[in-house]
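Read through the structure below, which is laid out as structure tokens, and then see the notes.
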């Protein structure tokens, strides 16, 4: 007759051993489930935070776009800007139109700098980021 190790144990270890094994299994399950729930919560919170930051960024961009469009609308009505438009329409030379604007912006730049500390840039040739270039593109479709 063969005896197993379990059958040689006394009554107290026979009762405690299954409880210890069951407790260990439950502890591993609780740790695994807790880890899964915590990771999902962190992932969800991180996604919400990123989404919120993207939304804030988009709202800020929209607000600055509206301000830039407002400034472009006002600036496009200046006489020297109208002359630059006319120069561009007649010659299709963006650089000469930009030079007209640059020639007249000295006073405007000094006023802006004295009031805000910033300067109104008019690079030559105008980059796609300048207000005047954006207005020219919108009006000419090019």
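The values are calculated or read from the model by the stated rules, or taken from the named source; none is laboratory data. Just so you know, these numbers come straight off a predicted model, no measurement behind them. Note that each Cβ is placed from the backbone with ideal geometry, even for glycine, and that neighbours are counted across all protein chains shown.
Taking the stated definitions as given, is residue 88 surrounded by 10 or more Cβ atoms within 10 Å (Cβ to Cβ) and modelled with pLDDT of 85 or more? Steps first, answer last, please.
Numbers: surrounded by 10 or more Cβ atoms within 10 Å (Cβ to Cβ): yes; modelled with pLDDT of 85 or more: no.
No: the conditions fail for residue 88.
Pull out all pairs, ordered by first then second residue, where Cβ-Cβ is under 7 Å, the residues are six or more apart or on different chains, the first lies in the range 93-112 and is over 10 Å from residue 80 (Cβ atoms), and the second is at pLDDT 80 or above.
That search, which allows pairs on different chains as well, returns 94/88; 96/87; 97/84; 97/87; 97/88.
Among 59, 82, 77, which is the only one that is surrounded by fewer than 10 Cβ atoms within 10 Å (Cβ to Cβ) and either within 26 Å of residue 97 (Cβ to Cβ) or at pLDDT 90 or above (or both)?
Details: 59 fails: surrounded by fewer than 10 Cβ atoms within 10 Å (Cβ to Cβ); 82 fails: surrounded by fewer than 10 Cβ atoms within 10 Å (Cβ to Cβ).
Just a single option satisfies the conditions, and that option is 77.
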